[in-house]
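Take a look at the structure set out below.
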Amino acid sequence: MTRAKPEDDEYWNSSKFKAFTFDDEDDEFSQLKESKRAVNSILVDEDEDDVERVSWSGEPVGSISWSVKETASSIRSGSEQSFPKIDTTPSLSKQGSGYSLSSLFKGNLHDLSPEETVRRMQKGRPFSLEKFRSLQDKLLLLDEAVAVYDGNVITAVSQILFRELMARDVALRHYVHYLKEMGEQKLLLMHYKEHLNIKDEGRRRDFLKSCLSLPFSQDDATHVQDHYTLLERQIIIEASDKKADAEIFKKFPRKASILNMPIITTLYYSCFYHYGESEGTFSSPSNIRKTFRISEKQYILTALGARAKLKSWFDVDSLFNTKNWLGYTKKKSPIGFHRVVDILHKNSAPVQVLQEYVNLIDDPDLKLSGALKYKCHDVVINTYRDLKDRQQLIVYREKLERDSPEYRKIQELLNNVQIRWKN
């Protein structure tokens, strides 16, 4: 058997040919998509802008019941139905197929492009695959065959590529392993998806528990474990909260069950109704954060949205307060303070609260635009003062009420001869 070239071995051992897993595009649990309606269905009077606060990247965050991909092709196309099913019978020998093995090298057609070659194969016209000698040329031809969604053409081109595999031990082993893994994962997926047909939460939980012993890949097994743990915890929280008579449930009655909700919705719910509980309780935000390995950024934005909705400004402050080794307290955030200000404003935070967080914005331009947008007069005035911009202070003064504290402050600055204005 012909020995593969070193570059060929490197190619077939590259990351492009790792064994298939049905979650290879979404490595991070935090990036799975969820519907904006999730929070809206649970919390009273939750509008669309408020729902956006559940996310940490500006986009809605996803469900633990993620949409797993059935094949590598369906990952690319977005729908398993959109990829054609290939007839597994020997299509090349059929009378009506339009081509046979003899037609692969028939005629003098060596100058055709991959696109034209595939079109000829589709129409049953003479064609040649002789020119596609290198691995790269064969892969280009295969890509074109896949693009036209013709099962017979894909099968024909794949057989040509398979001859290359037969000549390379390493490539063949990888390909066989790939097919085995793909088939096994597809069966596991089909079994796992059966939970969608189980309406009773207790039976669904038990079914998911039975899935824990199946030979999923490491990452996929972690997701299944998280799914089971989340549902188990939601059942406990739901049973307790249905009977709860705490004041917050009276003031903000639940609109729906927490059962089968996404993880970030569950965290939001916990920050809304169970904030401050000890980490030892299943419903506490800190317990949920730790159990499901939620990042600091994701946790801060979710908790910020929930506590700002309740106008709990003290809790908002506590999210950002940190102490240095000398014991001094300062505010620090894993997200931009300009984003914090936007969320606070959407929840009708008082100007004093907004002003404090606008002042924490590092970028001078963002700070000034935020202060102007949300009418944080002191921040605007101090920024123009620091910029030594007399003309902008005069313009801004005219937008204020006469004899207001802010108006008088600008007037005092303009009369201060110690300031060296730039204009």
Picking from Arg402, Arg408, the residue that is open to solvent by 70 Å² or more (accessible area, probe 1.4 Å) and not in a helix (DSSP H, G or I) would be Arg402
Heads up, the helices (runs of 4 or more DSSP H) in the stretch 84-179 (entirely inside) with at least 3 residues that are closer than 30 Å to Ser217 by Cα and modelled with pLDDT under 70 are 151-166
Considering residues that are out of contact with any Lys or Arg (no Cβ under 8 Å at 6 or more places or on another chain), closer than 18 Å to Phe337 by Cβ and either open to solvent by 10 Å² or more (accessible area, probe 1.4 Å) or among the hydroxyl-bearing types (Ser, Thr, Tyr) (or both), the number found within the stretch 301-312 is 1
* To do: Kindly establish whether Leu414 is open to solvent by less than 60 Å² (accessible area, probe 1.4 Å), farther than 26 Å from Thr322 by Cα and at pLDDT 90 or above.
  => yes
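Can you tell me which residue among Leu326, Leu366 is open to solvent by less than 80 Å² (accessible area, probe 1.4 Å) and of a type in the set (A, V, I, L, M, F, W, C)?
One residue alone meets the criteria, Leu366.
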Matching residues in the stretch 120-152 (open to solvent by less than 60 Å² (accessible area, probe 1.4 Å) and basic (Lys, Arg)) number 2
- Among the residues of the stretch 286-297, is any open to solvent by 70 Å² or more (accessible area, probe 1.4 Å), part of a loop (DSSP other than H, G, I, E, B), at positive phi and at pLDDT 90 or above? yes
Taking the stretch 383-395 and keeping only residues that are surrounded by 14 or more Cβ atoms within 10 Å (Cβ to Cβ), under 42 Å from the mean Cα position of the chain (by Cα) and not in a loop (DSSP other than H, G, I, E, B), one is left with Thr383, Tyr384
Quick check, is Ser210 of a type in the set (S, T, N, Q), over 26 Å from the mean Cα position of the chain (by Cα) and open to solvent by less than 80 Å² (accessible area, probe 1.4 Å)?
yes
message: Suppose the filter is under 44 Å from the mean Cα position of the chain (by Cα) and either without any contact (Cβ under 8 Å) to a residue 40 or more places away in the chain or not in a helix (DSSP H, G or I) (or both); does Val380 pass it?
response: yes
Of the residues in the stretch 315-338 that are farther than 14 Å from Val353 by Cα and basic (Lys, Arg), the one that is modelled with the lowest pLDDT is Lys323
Those residues of the stretch 202-221 that are part of a helix (DSSP H, G or I) and among the hydroxyl-bearing types (Ser, Thr, Tyr) come to a total of 1
Residues in the stretch 223-252 that are in contact (Cβ under 8 Å) with a residue 40 or more places away in the chain and open to solvent by 60 Å² or more (accessible area, probe 1.4 Å) total 2
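The values are calculated or read from the model by the stated rules, or taken from the named source; none is laboratory data. Values in this document were obtained by computation on a predicted structure and should not be read as measured data. Note that we place each Cβ from the backbone using ideal geometry, even for glycine, and neighbour counts take in every protein chain shown. What goes into the accessible areas is simple: the full protein's heavy atoms, side chains included, and nothing from ligands, DNA or RNA. Shrake-Rupley method; radii C 1.70, N 1.55, O 1.52, S 1.80 Å.
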